[in-house]
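The values are calculated or read from the model by the stated rules, or taken from the named source; none is laboratory data. Bear in mind that the values here come from a model prediction, so they are computed numbers and not experimental data. FYI the Cβ positions are ideal-geometry reconstructions off the backbone, even for glycines, and counts take in every protein chain you see.
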Amino acid sequence: MDPDDTSRPSRGTVHVTPETDPALLPVPVEAPILPIQRGFRWGAVFWTAIAGLVLLGTGLGIAHLIEDLFARSPRIAPDPKHSVDEDRLIAVGVTGKGRPVFVAFTLRTINKRRLIRPVTARYMHAKEIAAYEKEISTPENR
């Protein structure tokens with residue numbers, strides 16, 4: 001190796017070679033080959049049916065929860081904070097299994113029948129249970 005050779009960079013130097021911009025390179029884009037769908041897709045029907053049964057079971061469970069709560073005379077109060085378009089009420093009570101429940105609902109009249117339209121129904125959280133038990137234990141609320 002000759003020290004006067006200019007074809008190679010000297011030791012310890014960095015030689016930068018500019019590259020072409022990758023966005024300018026021609027890249028062939030091929031559409032993926034999809035298999036032809038033949039026949040009826042029974043898997044889609046099966047999973048749709050399973051989802052429908054789960055939703056039906058959930059709806060029936062919530063309806064049973066609300067019916068159980070109203071059968072045991074819950075505490076009912078207006079909910080002015082959320083009553084913008086219609087009168088909303090809240091009901092708090094205990095189910096037959098002893099679990100505290102919170103239900104927000106409105107009253108509707110359809111075909112001269114008074115109906116309850118639930119907005120939300122859920123089991124109460126620990127803080128809500130503590131506040132409910134404290135309220136029902138006071139002498140004026142018994």
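The set of residues in segment 93-114 that are surrounded by 11 or more Cβ atoms within 10 Å (Cβ to Cβ) and polar (S, T, N, Q) comprises 95, 106. Take the conditions (1) modelled with pLDDT under 90; (2) under 25 Å from the mean Cα position of the chain (by Cα); residue 77 misses just one of them, which is (2).
Applying the selection to segment 94-142, what residues are in contact with a Lys or Arg (Cβ under 8 Å, 6 or more places away or on another chain), among the β-branched types (Val, Ile, Thr) and assigned to a loop (DSSP other than H, G, I, E, B)? Correct list: 95 only.
Residue under question is residue 87, and the condition is that it be loosely packed, with under 14 Cβ neighbours inside 10 Å and either of a type in the set (Asp, Glu) or touching a Gly at 6+ places or on another chain (Cβ under 7 Å) (or both); does it hold? Before you say what the answer is, go through the steps one by one.
On the way: loosely packed, with under 14 Cβ neighbours inside 10 Å: yes; either of a type in the set (Asp, Glu) or touching a Gly at 6+ places or on another chain (Cβ under 7 Å) (or both): yes.
It is true that residue 87 is loosely packed, with under 14 Cβ neighbours inside 10 Å and either of a type in the set (Asp, Glu) or touching a Gly at 6+ places or on another chain (Cβ under 7 Å) (or both).
Taking (1) under 23 Å from the mean Cα position of the chain (by Cα); (2) surrounded by 13 or more Cβ atoms within 10 Å (Cβ to Cβ) in turn, residue 117 satisfies each apart from (2).
Hey, does segment 55-63 have a residue that's modelled with pLDDT of 80 or more, among the β-branched types (Val, Ile, Thr) and surrounded by 10 or more Cβ atoms within 10 Å (Cβ to Cβ)? Walk me through it before giving the result.
Initial filter on segment 55-63 (modelled with pLDDT of 80 or more): 55-63.
Then drop every residue that is not among the β-branched types (Val, Ile, Thr), which leaves 58, 62.
Checking which are surrounded by 10 or more Cβ atoms within 10 Å (Cβ to Cβ) leaves us with 58, 62.
Yes.
For the condition small (Gly, Ala, Ser), surrounded by 10 or more Cβ atoms within 10 Å (Cβ to Cβ) and over 30 Å from residue 127 (Cβ atoms), residue 39 does not qualify. For first residues located in segment 47-62 and part of a helix (DSSP H, G or I), partners that are acidic (Asp, Glu) and lie 6+ apart or on another chain with Cβ distances below 7 Å do not occur. When you scan segment 95-112, how many residues do you find that are under 26 Å from residue 80 (Cβ atoms) and over 24 Å from the mean Cα position of the chain (by Cα)? Of the residues in that region, 4 qualify. For segment 31-45, the count of residues that are modelled with pLDDT under 80, of a type in the set (A, V, I, L, M) and in a loop (DSSP other than H, G, I, E, B) is at least one.
The requirement of being surrounded by 12 or more Cβ atoms within 10 Å (Cβ to Cβ), touching a strand residue (DSSP E or B) at 6+ places or on another chain (Cβ under 6 Å) and closer than 20 Å to residue 58 by Cα is fulfilled nowhere in segment 125-138; no residue meets it.
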